[in-house]
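Notes follow once the structure below has been shown.
The values are calculated or read from the model by the stated rules, or taken from the named source; none is laboratory data. All figures in this text were calculated on a predicted structure; none of them were measured in a lab. Because the Cβ atoms are built from the backbone with ideal geometry, glycine has one as well, and the counts that use them run over all protein chains shown. These accessible areas exclude ligands, DNA and RNA; they are computed on the full protein's heavy atoms, side chains included. Shrake-Rupley method; radii C 1.70, N 1.55, O 1.52, S 1.80 Å.
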Amino acid sequence: MEKKIKKTNKFKYIYFKKYIKIIVILLVFILLGIYYLLQSDLFNLKEVEITGTNYVSDEEVIDSGKLTLGRNILKYNLNDIEKNLLKHPYISEVLARKRFPNKVSIDIREREYYAIIPNMGSYIYIDHEGYILKIENNRIYKDNYILITGLMIDNLEVGEKISVQNDEKLIYISKIIEASNLLEINDLISEINILQEPDVISLILINEIEAWINPGDDPAYIVTSLKEIMHQLITSNSSNVIIDMRFGERFSVKEKDQEEF
């Protein structure tokens, strides 16, 4: 009886060893097959699908993302692609994804032109967060972006936020521009000037109309009131006047030759 048990156990052991060998051989073949499949041309990058771009060309996206057609997409790290693309001055957000077997898709959100800052003969184009998108020697006059003048600029570099001494006023001006865009009167404003003395911001409007505002007043209220006043002035064909909005709700309109701070 004992001999039969020993033979049975020995047979089971031999069968188990053969079974393990077969599994190991199969795993080796499977792994080799996967390895050679991954190294084949099947997973080589053949297409980069780009969406959301207006200012940035497809070539710029591919170059900035350090993508190379023909390279195996498994060798790309999506986080690295996104970090590289975020260094481009026009790109604010990016999402990169692999589309197997041979495609990478890139969704981009671009920065938009918001205003222009003249500086020592050049023109600095910024977005609503103050990032510098480009610096031009000449302004393209078909651009309808509002000029911001009177800023004391410390340092500037394309792709970085502009550095100015009166940063709080630049932030306030951005809110004024945002409110004017929402109320659709931005086309009435050609320039916003930070007057150094006294502490006043001047809005240069159409028909040689100028508005004086305090940098601490509520932007939404100022722009809403300005829209109503401008409607009245345009209807009455008024020009060459100053709208003084510095004293709360006591707004006044006067001829420019009567201007006083």
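Remark: the stretch 75-88, residue by residue, has Karplus-estimated 3J(HN,Hα) of 7, 8, 9, 4, 5, 5, 4, 5, 4, 5, 5, 5, 6, 6 Hz, where x stands for each Gly or Pro and the curve is 6.51 cos²θ - 1.76 cosθ + 1.60 at θ = phi - 60°.
The apolar share of the surface of the chain, taken as the fraction of accessible area on carbon and sulfur atoms (1.4 Å probe, ligands and nucleic acids excluded), comes to 53 percent. Near I50, the amide H atoms lying under 5 Å from its own belong to I106; only residues 5 or more places off or on other chains count, and H is placed 1.01 Å from N. Computing percent of Cα pairs over 30 Å apart for the structure here picks out one of (1) 24; (2) 32; (3) 53, namely (3).
Using just its DSSP H runs of length 4 or more, each adding -39500 (n - 2.57), the chain gives a mean residue ellipticity at 222 nm of -11000 deg cm²/dmol after division by all residues.
I'd like to check one number: the per residue accessible area of the chain, probe 1.4 Å, reported in Å² as a whole number. Can you show the working numbers first?
On the way: 16440 Å² over 261 residues.
For the chain, the per-residue accessible area is 63 Å².
Close amide H pairs (under 5 Å, H built 1.01 Å from N) link E191 with L147, I204, residues at least 5 positions away or on another chain. Averaging Cα coordinates gives a centre for the stretch 125-181 and one for the stretch 62-84; these two points are 32 Å apart. Amide H contacts under 5 Å for L151: I194, restricted to partners 5 or more places along the chain or on a different chain, H placed in the peptide plane at 1.01 Å from N.
Taking K and R as +1 and D and E as -1, what net charge do the other residues with C-beta under 12 Å from the C-beta of M230 add up to?
Value of the local net charge: -3.
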